[in-house]
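Notes to accompany the following structure.
Each reported figure results from applying straightforward, stated rules to the coordinates on display, with no laboratory input. Nothing here was measured: the structure is a model prediction, and the numbers come from that model. Here the Cβ positions follow ideal geometry from the backbone for every residue, glycine too, while neighbour counts run over all protein chains shown.
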């Protein structure tokens, strides 16, 4: 399944789950800041993705909610440390951290939850044979 | 004040389906104001009854040991409901995992569709509770206890094992 095929299906899911217009959903759309998703919407989206793509998505796999747990190795004075960035990359290998690295404020982590993140995650999962 | 918007469960198929009924009586206080001279069952109370039906279906999956909290609801109404009608709430479990559940609900009056809804429930664990809630199992208790017993009394018996 191509990136565009997956994107089209993800867009339909987001339109239903978040009650947004199709035109509002682009690969760079941030789920919270641009599409007004709330925490519970992430669970709704995961349920719908599982059904649409026939996958089991483990908790915290696609949308890790508690990455740092206040660990001072990862966050210092509200900034994600170098060690934290490495942890972030490990936990969210599908996220594009380019912009985030320029201003790694911890509150900006939620901006990493984009439509592109979902599509890339699904691309990877669908390319891997089921265990 | 009572906050049970179901009169009776008529079927509970664990992990699949729950059906409950609610009789609308003009004696209910809210009809006096909603609206004077034209009593309409408030849509929010219809959805509360439907969510209670679905919430008990979800709660039963963990033997009512987990807190099940209504988190999100999307509904469409076809028409109003009035005193004298009996509403039938049907909740079908679509998805369930450790974080929560998704339920598809319908409300009928006889054969007529009143509303459809998608409902999300979240499981709220002890460590997610605000400090002012000191009971770690604050959902399935109190006046709901009777309803839970009644719901469990309408679970169909398991079919006997088939002889080989």
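The gain in end-to-end length when the residue B:76 to residue B:134 segment is fully stretched comes to 17.3 nm, 0.36 nm per residue minus the alpha carbon separation. Across all directions, the shadow cast by the convex hull of region A:65-111 built on its C-alpha atoms averages 3.0 square nanometres. Projected label points at residue B:38 and residue A:19, each 7 Å from Cα along the beta carbon direction, are separated by 2.4 nanometres.
Helix content alone sets the calculated 222 nm mean residue ellipticity of chain A: runs of n ≥ 4 DSSP H residues at -39500 (n - 2.57) each, divided across all residues, give -14000 deg cm²/dmol. Fully extending the segment from residue A:33 to residue A:3 would add 8.5 nm, taking 0.36 nm per residue of separation and subtracting the current Cα-Cα distance. Cβ-Cβ distance of residue B:146 and residue A:59, R₀ of 35 Å, FRET efficiency by 1/(1 + (r/R0)^6): the value works out to about 0.55.
Centre-to-centre separation between the Cα atoms of region B:1-70 and those of region A:27-70: 29 Å. For the pair residue A:79 and residue B:125, a Förster radius of 41 Å applied to the C-beta separation gives a FRET efficiency near 0.85, rounded to the nearest 0.05.
Could you tell me which of rounded, prolate or oblate describes chain B, using a ≥ b ≥ c as the square roots of the eigenvalues of the alpha-carbon gyration tensor, with rounded for a/c under 1.5 and, failing that, prolate when a/b is larger than b/c and oblate otherwise? Judged from the Cα gyration tensor, chain B comes out oblate (a/c at least 1.5, b/c at or above a/b). Relative to the first principal axis of the alpha-carbon coordinates of chain B, what is the inclination of helix B:43-60, with its axis defined by its Cα atoms, in degrees from 0 to 90 and to the nearest 10? Helix B:43-60 and the main axis of chain B meet at about 10 degrees. The slack between residue B:104 and residue B:153, meaning 0.36 nm per residue of separation minus the straight C-alpha distance, is 15.4 nm. Counting neighbouring beta carbons within 10 Å and listing from fewest to most, the residues B:139, A:46 come out as B:139, A:46. Shielding value for B:68-75 is 2, the average number of Cβ atoms from other chains within 10 Å of each residue's Cβ. The angle between the Cα long axis of helix A:3-18 and the longest principal axis of the Cα atoms of chain A comes to about 90 degrees, rounded to the nearest 10. When chain A is treated as a Gaussian network with alpha carbon springs shorter than 10 Å, the biggest mean-square fluctuation among A:107, A:24, A:87 belongs to A:107.
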